[in-house]
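Comments concern the structure below.
The values are calculated or read from the model by the stated rules, or taken from the named source; none is laboratory data. Fair warning: this is a prediction, and the values are worked out from it, not measured in the lab. Every residue, glycine among them, receives a Cβ derived from its backbone with ideal geometry; neighbour counts consider all protein chains shown. Accessible surface areas use protein heavy atoms only, side chains included; no ligands, DNA or RNA. Shrake-Rupley method; radii C 1.70, N 1.55, O 1.52, S 1.80 Å.
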Amino acid sequence: MNMSYLPAEWHKQSLIQLTWPHKDTDWAYMLDEVNDCFLKIAYEVLKRQSLLIVAPDPDSIRDSIDNYGADIQKLVTSKINTNDTWARDHGAITMIDTEGPSLLDFTFNGWGLKFASDKDNQITRRAVEAGILTGRYVNRLGFVLEGGSIESDGMGTLLTTSECLLSPNRNGQLNKVEIEEYLRSAFHLERVLWLDYGYLAGDDTDSHIDTLVRLCSPDTIAYVQCRDVNDEHYEELYRMEEQLKTFRTLAGEPYKLLALPMADKIEVEGERLPATYANFLIMNDAVLYPTYNQPENDIRAKEVLQEAFPGHEIVGIDCRALIKQHGSLHCVTMQYPIGVIR
């Protein structure tokens with residue numbers, strides 16, 4: 001084990017970040033609806049651990065969280081202008097070093113130049129400069145990388161998708177070998193596992209790993225399984241499942257594979273939205289997972305996650321609002337390991 005490593009999401013955490021929706025984001029047309037979803041997430045986080053809210057006007061949000069009945073003792077706020085709300089992708093990626101945490105600030109370019117990201121790309125540096133996040137600031141702005149595109153087992157394995165990391169609008173000047181070398185060097189990895197299949201209709205991220213496949217422990221993987229041969233995703237997700245069976249743990253064993261259900265089709269104006277149960281957030285004592293008002297699937301997903309995390313409380317949050325902007329629960333959150341907050 002390196003003295004410096006990329007912790008798994010289940011590593012002991014100090015806080016969770018939410019970047020709050022406001023009238024100048026893409027949420028403007030449905031602000032009340034998405035605000036309610038964010039309040040539910042904030043409430044469940046604050047019941048258990050500290051929460052950082054980044055927003056242009058954090059005081060009014062603090063009041064609404066207080067009025068919602070959440071415990072605001074562990075609430076931290078940071079007044080920063082933002083383009084959007086996807087903390088998973090503009091938040092710092094934290095490494096654990098012998099001296100403490102290092103906050104790696106990669107370039108966020110709106111998922112390959114699809115959306116404005118100039119303000120979001122400054123959030124990490126500003127939060128560190130303001131002393132909100134503590135740790136060694138590491139400038140990695142020469143490389144485009146989103147937190148939702150990588151999964152770590154905390155032991156030197158990185159799991160990612162070729163579709164996203166090899167997208168020409170991110171680090172198009174580098175080939176696969178060079179990108180893998182960069183990742184190995186930046187995160188002190190033993191290896192990179194490349195997933196070559198799998199996508200969700202309506203997904204803007206070029207197949208982020210956190211919409212499809214998640215590490216739950218060093219030897220357990222949860223993934224989205226499609227059983228409906230008439231679903232447009234069937235072939236790709238079947239091939240993804242077959243590739244997962246070929247992956248081996250660092251000990252050389254096959255992974256324990258846990259199949260999450262595929263959410264039933266949700267459409268808005270004829271467009272399918274990327275509803276996925278893989279987009280859950282692992283916290284210290286709980287797993288928050290997205291639900292979609294599909295009782296059978298919602299309950300099944302909870303059962304699978306309870307098997308993956310036997311010691312955690314599994315808490316569902318209705319995320320139908322979030323998928324209207326093509327993300328879900330994990331996408332709007334970023335966890336920071338112990339030591340990142342005073």
| query | Can you spot a residue in the stretch 184-193 that is basic (Lys, Arg), at pLDDT below 95 and not in a strand (DSSP E or B)? | reply | no
| request: Considering only the stretch 131-148, state which residues are surrounded by fewer than 15 Cβ atoms within 10 Å (Cβ to Cβ) and of a type in the set (A, V, I, L, M, F, W, C). | output: Leu141
| Going through the stretch 107-130 one residue at a time, which ones are part of a loop (DSSP other than H, G, I, E, B), within 19 Å of Ser78 (Cβ to Cβ) and either open to solvent by less than 30 Å² (accessible area, probe 1.4 Å) or among the charged types (D, E, K, R) (or both)? | Phe108, Ser117, Asp118, Lys119
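Let's see how each residue does on (1) of a type in the set (Ser, Thr, Tyr); (2) closer than 26 Å to Gln325 by Cα; (3) open to solvent by 40 Å² or more (accessible area, probe 1.4 Å); (4) in contact with a His (Cβ under 7 Å, 6 or more places away or on another chain):
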site: Tyr68; (1), (2), (3), (4): yes, yes, yes, no
site: Lys74; (1), (2), (3), (4): no, no, yes, no
site: Thr82; (1), (2), (3), (4): yes, yes, no, no
site: Ala92; (1), (2), (3), (4): no, yes, no, no
site: Glu99; (1), (2), (3), (4): no, no, yes, no
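Yes/no matrix, rows are residues, columns are (1) at pLDDT 95 or above; (2) within 29 Å of Ile299 (Cα to Cα); (3) touching a Pro at 6+ places or on another chain (Cβ under 9 Å):
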| residue | (1), (2), (3) |
| --- | --- |
| Glu178 | yes, no, no |
| Tyr182 | yes, no, no |
| Tyr197 | yes, yes, no |
| Asp204 | no, yes, yes |
| Glu253 | yes, no, no |
| Met262 | yes, yes, no |
| task | Determine whether the stretch 24-37 contains at least one residue that is more than 26 Å from Ser117 (Cα to Cα) and either of a type in the set (Val, Ile, Thr) or in a loop (DSSP other than H, G, I, E, B) (or both). | result | no
| note | Taking the stretch 12-30 and keeping only residues that are open to solvent by 50 Å² or more (accessible area, probe 1.4 Å) and either touching a residue at least 60 places away in the same chain (Cβ under 8 Å) or in contact with a Lys or Arg (Cβ under 7 Å, 6 or more places away or on another chain) (or both), one is left with Lys12, Asp26
| message | Can you find a residue that is at pLDDT below 95 and touching a helix residue (DSSP H, G or I) at 6+ places or on another chain (Cβ under 7 Å) anywhere in the stretch 288-296? | response | no
| Only listed residue being modelled with pLDDT under 95 and either loosely packed, with under 11 Cβ neighbours inside 10 Å or of a type in the set (Ser, Thr, Tyr) (or both), chosen from Glu242, Glu269 | Glu269
| message | Of all residues being assigned to a loop (DSSP other than H, G, I, E, B) and of a type in the set (A, V, I, L, M, F, W, C) in the stretch 292-342, which is surrounded by the most Cβ atoms within 10 Å (Cβ to Cβ)? Just the residue, please. | response | Cys319
| task | Take Glu163 and decide whether it is closer than 27 Å to Thr249 by Cα, assigned to a helix (DSSP H, G or I) and among the acidic types (Asp, Glu). | result | yes
| query | Of the residues in the stretch 243-271, how many are under 21 Å from the mean Cα position of the chain (by Cα) and not hydrophobic (A, V, I, L, M, F, W, C)? | reply | 1
| Does Asp219 satisfy the criteria of being under 28 Å from Gly156 (Cβ atoms) and open to solvent by 30 Å² or more (accessible area, probe 1.4 Å)? | yes
| Of the residues that make up the stretch 208-217, is at least one more than 25 Å from Val144 (Cα to Cα) and in contact with a strand residue (DSSP E or B) (Cβ under 6 Å, 6 or more places away or on another chain)? | yes
| message | Considering only residues that are surrounded by fewer than 18 Cβ atoms within 10 Å (Cβ to Cβ) and part of a loop (DSSP other than H, G, I, E, B), which ones fall in the stretch 167-183? | response | Gly172, Gln173, Leu174, Asn175
| more than 21 Å from the chain's Cα centre (by Cα) and assigned to a loop (DSSP other than H, G, I, E, B) - does that describe any residue in the stretch 201-210? | no
